Amino acid sequence: AALMAAEDAMRTTGKQIPLMLSYTLAGKDGRILSGQTLEAALASVSHANLLSIGLNCSFGASDMKPFLRAIADLTRNPHTAGAPLYISAYPNAGLPNSLGQYDETPETMAPQIQEFLDEGLVNIIGGCCGTTPDHIKMIAELVQNSAPQKNLLGLEDLTGLSAPQQSPSPQQSQQSQELVLSGINALPFQPATFYPIGERCNVAGSRKFLRLINEKKYEEALSIARQQIEDGAQILDINVDDGLLDGIKEMTTFLNLMASEPDIATVPVMVDSSDWKIIEAGLKVLQGKSVVNSISLKNGEADFLQKARKIRAYGAAVVAMAFDENGQADTFERKIEVCARMYKLLTEQAGFPPQDIIFDPNVLAVATGIEEHSGYAFAFIQATEWIKKNLPGAKVSGGVSNLSFAFRGHNELREAMHTVFLYHAVQKGMDMGIVNPSATIAYDDISADLRTLVEDVIFNRNVEAAEKLMEYAQNPEIPKNLLGLEDLTGLKAHNDRLEWRNHPLADRLRHALIKGIG
């Protein structure tokens, strides 16, 4: 909020002045007062045009040193840093004693400060609680008697620097940086890795969540968020769009309650709404680097850019949905046309680095009986591959459950469809997706026959693909619970999937490692 206010003031006055940001550590675990790790905190402010970042107050200089080194490593790491930054430190003169006094003298503090200088950890140095004019004099003498340290900007001192250094261009930034989201912990993205986004805290997709929010049973609603994290969700999608709810109030309330639960607040949040006011209400109460889901060109470029710039000012990443003035992009050609246009607008006019752009090329329902829908899944996969090759740095996401709407009521078949779809989409570069993490199954656990039927639908391999899959789902000789048989007509039995827990320890460990479960 302070950074946003400063930038607004500079924009209003037309005068640019340097911004220095400093954190206080709450303890020797390296978290700041709000509970964030240093990496999570740096991700939260990575959008800001800063002169320096550093630590103040906390404990004594000696105990601050490893965390300064951590900041130096993070700001030098091309995968987590944007523009290079100066590093500052102004520690306390130790911790206060029982009388509230500080015992470290200039003489006892001097060798600790000297280590900062000798190791090149800082560019700006001073003192905080308990330091006196004598302490500051000591620090000034140490700096004068030390050889100038090369800082991260390649300069030897701050002479003549009166304004923040310009951030790298989106093209430069993309080459050296990967997406990092954060709650109170950081989530640095790795290439060729899929990140599940929990879908159950969405009033449109979960009747239970809607009921709990409507009845103000927030503790139970929080348990849904907690369970998704335990099931493997690494980002939580939060949506409270319902005609009977005060969306702004409910989004604010629920996100604040999430922030008070350390085991939930660890993960980044995706603020999901079709109402811009609800999105902004969510951004105002999130301390981490979150994701906005979503904006589009539905109302034209001016509206798109206005919202994109505001999201950037809040420091969030953005989901850009393939939707323009002509409607939702459904074919491969339309998807890539709209995404390319949005990429150009976001990088060249809205100031977004490519790694903070997440495209949603629209996962649409297949096997609906309408011929035009037959190519929807394959078009998404094709568009994903094209985006990863032609829009450098951008990410791809999608609402996976949309794919199988034609099979509502056949939950196990829907899970199989989602698994097969993700198996192929992730290979082409899909980075994340909104899923039910508790319902995920392994691709190899689906029978070969069912995989073939599903893949025929997804790749639109023949005109009878949808009809055959529908026949499969409606065949009374096949149990509605497709996990009920261990043969080529369905998936392995659910009970058999849990039987491994009764095996000897070595076998349980082997199974858990292979399947990636606990």
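The values are calculated or read from the model by the stated rules, or taken from the named source; none is laboratory data. Remember, predicted model here, so these are calculated numbers, not experimental data. Note: ideal-geometry Cβ built from the backbone for every residue, glycine included; neighbour counts use all protein chains shown. The accessibility values were calculated without ligands, DNA or RNA, using every heavy atom of the protein model including side chains. Shrake-Rupley method; radii C 1.70, N 1.55, O 1.52, S 1.80 Å.
Note on residue 463/residue 217: beta-carbon distance plugged into 1/(1 + (r/R0)^6) with R0 of 60 Å gives a FRET efficiency of 0.80.
With q set to 0.11, 0.19 Å⁻¹, the log10 of I(q)/I(0) for the range 265-372, from the Debye formula over equal scatterers at the Cα positions, is -0.35, -0.94. The relative contact order of the chain comes to 11 percent, based on Cα pairs under 8 Å that sit 6 or more residues apart.
Each residue of the range 339-354 in order: what ³J(HN,Hα) in whole Hz does its phi give by Karplus 6.51 cos²θ - 1.76 cosθ + 1.60, θ = phi - 60°, with x for Gly and Pro? Karplus values, whole Hz, x for Gly and Pro: 5, 5, 5, 5, 4, 4, 5, 5, 7, 8, 10, 9, x, 7, x, x.
Exposed loop sites, defined as GluC sites (Glu not before Pro) outside DSSP H, G, I, E and B with at most 12 other Cβ atoms within 10 Å, are absent from the longest region of the chain, namely 1-155. A simple spin-label model places pseudo-atoms 7 Å from Cα toward Cβ; at residue 5 and residue 309 they are separated by 2.2 nm.
Would you mind telling me the share, in percent, of accessible area of the range 13-97 contributed by carbon and sulfur at probe 1.4 angstrom? Don't skip to the answer; put the middle values down first.
On the way: 1850 of 3250 Å².
That fraction is 57 percent.
FRET efficiency for the residue 275 to residue 103 pair, using the beta carbon distance and R₀ = 51 Å, is estimated at 0.35. Farthest toward the positive end of the dipole of the range 255-389, out of 296, 315, 363, is the Cα of 315, where the dipole comes from beta carbon charges about the Cα centre. Placing +1 on the Cβ of every Lys and Arg and -1 on the Cβ of every Asp and Glu, with no other charges, gives the chain a dipole of roughly 520 debye about its Cα centre.
Using only alpha-carbon positions, what ratio does the radius of gyration of the range 216-305 give when scaled by 2.2 N^0.38 Å? It would help to have the intermediate numbers written out before the result.
Values: Rg = 13.6 Å, N = 90, 2.2 N^0.38 = 12.2 Å.
Cα Rg divided by the expected 2.2 N^0.38 Å: 1.12.
Taking Cα centroids, how far is the range 1-31 from the range 280-297 in Å? Distance between centres, Cα-based: 19 Å. In this rough spin-label picture, where each label sits 7 Å from Cα along the Cβ direction, the residue 12-residue 115 distance is 4.5 nm. Computed 3J(HN,Hα) for the range 403-420, one whole-Hz value per residue from the Karplus formula 6.51 cos²θ - 1.76 cosθ + 1.60 where θ = phi - 60°, is 4, 10, 4, 5, 10, 4, x, 10, 4, 5, 5, 4, 4, 4, 4, 5, 4, 5, glycine and proline marked x. Across the chain, the convex hull enclosing all Cα atoms gives 187 Å³ per residue.
What FRET efficiency, computed as 1/(1 + (r/R0)^6) with R0 = 41 Å and r the Cβ-Cβ distance, is obtained for residue 34 and residue 333, rounded to the nearest 0.05?
Working: r = 46 Å, r/R0 = 1.13.
Rounded to the nearest 0.05, the efficiency is 0.35.
Taking all protein chains together and rolling a 1.4 Å probe, residue 378 ends up with roughly 80 Å² accessible. The range 240-273 and the range 386-452 have Cα centres spaced 26 Å apart.
Which value in deg cm²/dmol, rounded to the nearest 500, describes the helix-derived mean residue ellipticity at 222 nm for the chain, given -39,500 (n - 2.57) per DSSP H run of n ≥ 4 and division by the residue count?
The helix contribution divided over the chain gives -12500 deg cm²/dmol.
Between 0 and 90 degrees, the angle of helix 505-515 with respect to the longest Cα principal axis of the chain falls at about 90 degrees.
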